[in-house]
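To keep things clear, I will list the structure first and then write my remarks on it.
The values are calculated or read from the model by the stated rules, or taken from the named source; none is laboratory data. Worth saying up front: this structure is predicted, and the values here are computed from it rather than measured. Cβ placement follows ideal geometry from the backbone for every residue including glycine, while neighbour counts extend to all protein chains displayed.
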Amino acid sequence: MKCQDYSLSRKTERDNLNLNPLQRGGVLPPESREALYEFSDGYSVCDYCSGRLDEIPRPSIHGFLEDMADFIKVDHARTVHGAREGKFAVMHAVCRPGDTIVVDGNAHYTSHLAAERNGLNIVEVPSSGEPEYRIDPVAYQEVLDNLYDRGEEVSLVLLTHVDGDYGNLTDAQAVGKIAHDAGIPFLLNCAYSMGRMPIDAKGWNVDFVVGSGHKSMAASGPIGVLGVQEEWADMVLKRSDRHHVKELEMLGCTSRGAPVATLMASLPHIIDRVSKWDFEIEKTLYFVSEMEKISGVRQIGVRPKEHDLVRFETPFFHSIADKHPRKGFYLYEELKRRNIVGIKRGQTQWFKCSVYGFSQEQVHYIAHSFAEIASKFKDMAD
């Protein structure tokens, strides 16, 4: 059999400034790229395995998970294949088919899929709508009270710490207190926050927390992190009756090889960059202020920004697309000529982006490039 040309070469990060918020937190530091090479073979971390991935001493996955638990303030940490698998495992262990869970209106689709796959009923806490799409913790209380008045029990409360549509940061501690006061376990989805900003699961009344290694923790992936407090360890980390050493919800073992090796190698880098979160917010606020100097460009979501993921409404750029011979593709192409990528091809009416991890000089260059493109085609704008 002759295979097709799969064209696996990729120079996006080496040759360009990538604004894709899905990828900014997943850029590997040099030590993790070395680990990627060393552990690129399948099952390469299993040389000294005695049956449990989390107990492997060389490389010290066991020690790494202890450090990870301390980093995010939980009693137990495990790697999973992604944040979605962590959410599914928690729901499967804690809930039963037909149970009701409460989630925020900005929840990621994978939260819905995890619940649907577990046969759960989803009740959403609505956002404030246009233009902030804010999730108010008080709204969680109102939803829970309404369900209680109807005699409906809730098995789990889930909050998206930072949503992937608007980059809104919601007060996890406030929601956690509401859940705990109601006697309901609390799951925090930190796919866009763990590895970028400080996480304090114990201080925020969080029973379960999930993160994404490939999205926000500088790992090659697919890999995620699941944190569990001691009260729930017997349920979520329950062992198999048939294969006594294996943890049932983990299906025995999860990430093996390059994903876990790169996440391990990145942990010191992650700890250091989390300590500089305030600087990342300063750069984001500067970028937003520069972009909004362009006529008709407006940041959507909670203001001022508290996270690096930014969504802009850009009717100015969209009006240019109506007259430009390349239509909506012109913006992507103009940015690419300036070695800036990450905005989807053909997207001009709105877009999401992030300047996380860039230097102040690079952020200035990116903002200036957008302004330059706006000036170049201003005669085409309505």
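Of a type in the set (A, V, I, L, M), closer than 29 Å to Thr262 by Cα, free of Cβ contacts under 8 Å to residues at least 60 places away in the same chain and outside the structural domain of Gln299 (by TED's automatic domain parsing) - does that describe any residue in region 131-149? No, region 131-149 contains no residue that is of a type in the set (A, V, I, L, M), closer than 29 Å to Thr262 by Cα, free of Cβ contacts under 8 Å to residues at least 60 places away in the same chain and outside the structural domain of Gln299 (by TED's automatic domain parsing). Taken over region 170-216, residues that are of a type outside the set (Asp, Glu) and free of Cβ contacts under 8 Å to residues at least 12 places away in the same chain amount to 1.
Would it be correct to say that Arg78 is surrounded by 17 or more Cβ atoms within 10 Å (Cβ to Cβ), under 30 Å from Gly176 (Cα atoms) and not assigned by TED's automatic domain parsing to the domain that holds Ala219? Here the answer is no, as Arg78 does not meet what is asked.
Total residues in region 253-275 satisfying the condition of being under 18 Å from the mean Cα position of the chain (by Cα) and of a type in the set (Lys, Arg): the figure is 1.
Restricting to region 168-223, name every residue that is polar (S, T, N, Q), touching a strand residue (DSSP E or B) at 6+ places or on another chain (Cβ under 8 Å) and farther than 30 Å from Tyr37 by Cβ.
Within region 168-223, Asn168, Thr170, Asn189, Asn205 qualify.
Annotation: Glu282 fulfils all but one of (1) touching a residue at least 12 places away in the same chain (Cβ under 8 Å); (2) over 18 Å from the mean Cα position of the chain (by Cα); (3) outside the structural domain of Ile61 (by TED's automatic domain parsing); the unmet one is (1).
Of the residues making up region 131-153, those that are among the charged types (D, E, K, R) and either over 25 Å from the mean Cα position of the chain (by Cα) or at pLDDT below 95 (or both) are Glu142, Asp145, Asp149, Arg150, Glu152, Glu153. Applying the condition of being among the β-branched types (Val, Ile, Thr) and either exposed (fewer than 13 other Cβ atoms within 10 Å of the Cβ) or at pLDDT 95 or above (or both) to region 232-257 and asking which residue is nearest to Val209 (Cα to Cα) yields Val236. Under the condition of being of a type in the set (A, V, I, L, M) and surrounded by 21 or more Cβ atoms within 10 Å (Cβ to Cβ), which residue from region 258-273 is nearest to Val355 (Cα to Cα)? By that ranking, first place goes to Ile270.
Of all positions in region 64-74, none carries a residue that is small (Gly, Ala, Ser), under 21 Å from the mean Cα position of the chain (by Cα), under 30 Å from Arg298 (Cα atoms) and assigned by TED's automatic domain parsing to the domain that holds Ser155.
When Thr254 is tested against (1) of a type in the set (Val, Ile, Thr); (2) part of a helix (DSSP H, G or I); (3) closer than 19 Å to Val45 by Cβ, just one condition goes unmet, and that condition is (2).
Selection over region 154-170 of residues that are under 15 Å from Ser128 (Cα atoms) and over 15 Å from the mean Cα position of the chain (by Cα) gives a count of 0. Tallying residues that are in contact with a helix residue (DSSP H, G or I) (Cβ under 8 Å, 6 or more places away or on another chain) and among the β-branched types (Val, Ile, Thr) within region 50-73 yields 2. Comparison of Ser32, Ser50, Ser40, Ser44 shows that the only residue that is crowded, with 17+ Cβ neighbours inside 10 Å and either under 28 Å from His76 (Cα atoms) or in contact with a Cys (Cβ under 6 Å, 6 or more places away or on another chain) (or both) is Ser32.
Count of region 181-231 residues, restricted to those that are part of a loop (DSSP other than H, G, I, E, B) and modelled with pLDDT of 95 or more, is 25.
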